[in-house]
Amino acid sequence: MKTAVLLPVYNPNEKFLQLVEELHRLGYVIVAVNDGSLERCDEYFKRASKYAHVIGYKDNKGKGYALKRGFEYIGNNLSEEVDYIVTADSDGQHALEDIERVAKLTKKSDGIVLGMRDLSEKIPIKSRIGNDLSRIVYTIVTGVYLRDNQSGLRGFPVRLCQWLQDIPGNKYEYELNELVTAHKEGMKVTGIDIKTIYENNNKGTHFRPIHDTIRIQRSLWSYGLISAWLYTL
């Protein structure tokens, strides 16, 4: 039972190559999606292609779009080779041992696995704003408390590839929509503790605190209003 590690990648650096090489050494099938990175990054993808399936497109479309393209590729080309998928960030925010732990738990649970950071620790302010608001609103509209619903380290059985492609959203709200849809459809989500890592005070993040937080909260409240309307009917 092989596991594919899916990496959405935008303007990578050496950490991306280091992660790809380490994952390859451990026997994972790797799929890296170039989310419209700058041309100066082409060399990183060329070097990564020695160890990974590298796909992509010219214009930057967002993390959610990149993930869905990766799920599509795995479903169409690797479903006979792999049984499970782990999504992870490519910028050093996820420790290799945590990726392995999520992969192992996914095989045992055969459901959705969510890596959860300890957000009570000191973290960059722009990350704390988004995480705190998301946690509060998610609890209000779903009735389910998740300590960290913004983590990109997750595990899925490969049979969910089409389901994952059908979830709405192309930016950061996509990952939250995964959890909302799973909750709405009664799917089990198993949490596992992972390390809290913010490289260089998270200066390299592409998350925009105001714009992306508004997008995420709009998605959450929309789900809450729809659920209330259906309940009323």
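Some points to look at:
- Listed by first and then second residue, the pairs with beta-carbon distance under 9 Å, at least 6 apart or on different chains, first residue in the stretch 163-181 and within 14 Å of G152 (Cα to Cα) and open to solvent by 40 Å² or more (accessible area, probe 1.4 Å), second among the acidic types (D, E) and modelled with pLDDT under 90, are K171/D212; Y172/D212.
- Hey, Y65 in contact (Cβ under 8 Å) with a residue 24 or more places away in the chain, in contact with a strand residue (DSSP E or B) (Cβ under 6 Å, 6 or more places away or on another chain) and open to solvent by 50 Å² or more (accessible area, probe 1.4 Å) or not: no
- Contact annotation: residue pairs with Cβ atoms under 6 Å, 6 or more positions apart or on different chains, pairing a residue in the stretch 91-102 that is closer than 14 Å to G155 by Cβ with a partner that is part of a loop (DSSP other than H, G, I, E, B) and open to solvent by less than 10 Å² (accessible area, probe 1.4 Å), are H94/A88; H94/L153; I99/A88; V102/L153.
- None of G64, G92, G75 is modelled with pLDDT of 95 or more and either part of a loop (DSSP other than H, G, I, E, B) or within 18 Å of E175 (Cα to Cα) (or both) except G64.
- Residues being open to solvent by 30 Å² or more (accessible area, probe 1.4 Å) and farther than 19 Å from R154 by Cα - total across the stretch 1-51: 18
- Where a residue in the stretch 72-85 is open to solvent by less than 60 Å² (accessible area, probe 1.4 Å) and its partner, wherever it lies, is basic (K, R), with Cβ under 9 Å and at least six apart: L78/K2; S79/R159; V82/K2; Y84/K2; Y84/K107; I85/R154
The values are calculated or read from the model by the stated rules, or taken from the named source; none is laboratory data. Computed from a predicted structure; not experimentally measured. Counting neighbours? That spans all protein chains shown, and the Cβs are built from the backbone with ideal geometry, glycine included. What goes into the accessible areas is simple: the full protein's heavy atoms, side chains included, and nothing from ligands, DNA or RNA. Shrake-Rupley method; radii C 1.70, N 1.55, O 1.52, S 1.80 Å.
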